Ligand SMILES: NC(=O)c1ccc[n+]([C@@H]2O[C@H](COP(=O)([O-])OP(=O)(O)OC[C@H]3O[C@@H](n4cnc5c(N)ncnc54)[C@H](OP(=O)(O)O)[C@@H]3O)[C@@H](O)[C@H]2O)c1
């Protein structure tokens, strides 16, 4: 319980953006960077001289965010919009093609965008439960298609500096069923939007550890998941009463962005730590729930293989859009 308490009430960060050197020459994508935590991540990266792509479905919102960042930060790198609709798999390849027209490499991908507890029955364009689609299937496909660009960056970067970041949530450790995900719920989702949100966030943890296992050592790419920390953002737009109740526990998005920035840029997150889980405001968790840690390991390595199963589920659902 102490481990959970310290995520509700984290100690002050010991690593902040002040520890980040110039990111000139680095190329970053922050999905959902037009609002909330992602906006703060994009701002910090821009301030450090990075080339930052804010990926999202609304160009208007992204351009507004870009203008706001450029007004507040006097000198920075560059900011661009990348069109990305995570709940429509048929559009994602075109987003990656548009990115490839401008860039040959990608240093860090923050799979930050997400949706939480939309109205019951909300579906993606392909008819999948919306949270599973937006939080897992879209980012899975996006990441798969971007892998060659991450590999290109890894060829000329210091070991462990090319990364993919996946957004989990504390609610997984607090409330996910044993093993994180009940596989049958992926095809027959329960009529409980909190439960399906938890499933999608456990899915993000599993995609992180599984990507680390698959391309970590061979391609020199780090893949980690995190609980950013509870932040006062638009995420609970569909559950205002829940936001009201949680308000005393919600921190500024800047702090949660520190967790994401730590995951993407801190030298503490090495290839040896690949697949790890990061907690607020930038600490590698050493106390992850045991059944979730076991799910991330293959059965031959003493785990349950659930993460691999989930990866294969995502592979099957996205195959036609590769
Ligand atoms: N805030 C917290 O306390 C908390 C806690 C744990 C985890 N997280 C995670 O942190 C991440 C960021 O959330 P936030 O709190 O910053 O909330 P937010 O302000 O609502 O940000 C979510 C972003 O995702 C984008 N998005 C949603 N659906 C999309 C789609 N189909 N295609 C493309 N982009 C889409 C949203 O764009 P639109 O404006 O167009 O909808 C928005 O920019 C999420 O993954 C969330 O699960 C947050």
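Counted over the chain, the DSSP beta bridges are approximately 10% antiparallel. Between residue 174 and residue 309, the contour length at 0.36 nm per residue exceeds the Cα-Cα span by 46.4 nm. I'd like to know how segment 21-321 sits against the 2.2 N^0.38 Å rule of thumb: what's its Cα Rg over that expected value? Working it through for segment 21-321, the quotient is 0.92.
Remark: the Cα gyration tensor places segment 185-322 in the oblate category, a/c being 1.5 or greater and a/b not exceeding b/c. Segment 188-241 and segment 64-113 have Cα centres lying 20 Å from one another. The convex hull drawn around the Cα atoms of segment 162-217, when projected onto a plane and averaged over every direction, covers 4.4 nm².
Given only helices, namely DSSP H runs of n ≥ 4 each adding -39500 (n - 2.57), what is the per-residue ellipticity at 222 nm of the chain, to the nearest 500 deg cm²/dmol?
Counting only the DSSP helices, I get -13000 deg cm²/dmol.
Label positions at residue 12 and residue 97, each projected 7 Å from the Cα along the C-beta direction, are separated by 5.2 nm.
If you restrict to DSSP beta bridges whose two residues both lie in segment 20-142, what percentage is antiparallel, to the nearest 5? Display every interim value, and only then the final one.
Numbers: 1 of 15 bridges.
That works out to approximately 5 percent antiparallel.
Using a 10 Å cut-off on Cβ atoms, rank the peptides 285-297, 161-173 from the highest mean neighbour count down.
For the peptides 285-297, 161-173, the packing ranking is 161-173, 285-297.
Can you tell me which of 108-118, 58-68 comes out highest on packing, and rank the rest after it, using the mean Cβ neighbours within 10 Å?
Values: 108-118: 24.4, 58-68: 15.7.
Going from most to least packed, we get 108-118, 58-68.
With springs connecting C-alpha atoms under 10 Å apart, model the chain as a Gaussian network and identify which of 235, 174, 86 has the largest mean-square fluctuation. Per the Cα network of the chain with a 10 Å cutoff, 174 tops the list.
Measuring between their Cα centroids, segment 123-176 and segment 248-285 lie 16 Å from each other.
Bear in mind that the values in this text are calculations on the coordinates, not laboratory data. This is a predicted model, so every value here is computed, not measured. Virtual Cβ from ideal backbone geometry, glycine too; neighbours counted across all protein chains shown.
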